[in-house]
Amino acid sequence: PLLAKRAGRSIFRVEQLQKEQISTLRECALWLAAAFAVRVLFFLMTPQVIDSADSILYLDAAQKLSEWRVDELYPRIPMLYSACSAFVHKFISDIETAAIAVSLVFGSLLVIPVYLLSNRLHGRSAARIAALTVAIWPWLVDYSCRVAPEALYVTFWFAAIYAVLTIARGKAWVCAVLALFLLCLHLARPEGIVIAITVIVAGLIPGQDR
């Protein structure tokens, strides 16, 4: 009878964990859809203007990458955003629209690591508030509709933080994913290497979970 009770409790815990994971995935999908809808609406309602020299450089690099003119690239510009834009340009004929599509997608994806991070640290209610903030915060929405790498950069930043937390909870296999996120941070913005080092150091500092 004792073994049967223990087995029953184990099965119950597994079932509860599976239900929790399904619920989390469902909420992430809903918040992602909400964030994407807000950004698309903002994009459709707001005139799009190239208002910075950096945006022109990113577009120029994306165009050259799409045409395989790698030797003409400006060496000081981070290449990840332009590379993503060049890839999307294969499906969208206008290079500017392709670049904005990259910002739109990654700006919407930010809601997922923010939700997961808040849920892990503070619970479901705090995660919903954090996700709502990401979905409607004007600065985040605006940069999700611009030719700029900020949406890409911030998403990889929070994804790296969540990966560090996951590793700290005993899942060492996430180290490879963390390394990829940190590399993307470095390739997305010049200061990405500073954020990458900070994330690594913060992950190494011993602490006590609440």
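The values are calculated or read from the model by the stated rules, or taken from the named source; none is laboratory data. Quick caveat: nothing in here was measured; it's all calculated off a predicted structure. Virtual Cβ from ideal backbone geometry, glycine too; neighbours counted across all protein chains shown. Quick note on the areas: whole protein, heavy atoms, side chains included, nothing else; ligands and nucleic acids left out. Shrake-Rupley method; radii C 1.70, N 1.55, O 1.52, S 1.80 Å.
So if I check each of Glu27, Glu67, which one is closer than 24 Å to Arg124 by Cα, at pLDDT 90 or above and among the acidic types (Asp, Glu)?
So the residue among Glu27, Glu67 that is closer than 24 Å to Arg124 by Cα, at pLDDT 90 or above and among the acidic types (Asp, Glu) is Glu27.
Report the residue count in the range 70-101 for those that are part of a loop (DSSP other than H, G, I, E, B) and open to solvent by 90 Å² or more (accessible area, probe 1.4 Å). Break it down into steps so the answer makes sense when it comes.
Kept after step one, since they are part of a loop (DSSP other than H, G, I, E, B), are these residues of the range 70-101: 73-79, 89-94.
After this cut, where a residue has to be open to solvent by 90 Å² or more (accessible area, probe 1.4 Å) as well, the list is 74-76, 90-91, 93.
Looking only at that region, the number is 6.
For the range 167-204, how many residues are at positive phi and crowded, with 19+ Cβ neighbours inside 10 Å?
Residues meeting the conditions: 0.
Provide a single number: the residues in the range 18-69 that are without any contact (Cβ under 8 Å) to a residue 40 or more places away in the chain, part of a helix (DSSP H, G or I) and of a type outside the set (A, V, I, L, M, F, W, C).
Residues flagged as without any contact (Cβ under 8 Å) to a residue 40 or more places away in the chain, part of a helix (DSSP H, G or I) and of a type outside the set (A, V, I, L, M, F, W, C) within the range 18-69 amount to 10.
Considering each of Leu57, Leu104 in turn, give the residue that is farther than 21 Å from Leu183 by Cβ, of a type in the set (A, V, I, L, M, F, W, C) and more than 17 Å from the chain's Cα centre (by Cα).
Leu57
Could you check the range 42-53 and list, in sequence order, the residues that are over 13 Å from Glu96 (Cβ atoms) and surrounded by 15 or more Cβ atoms within 10 Å (Cβ to Cβ)?
Phe42
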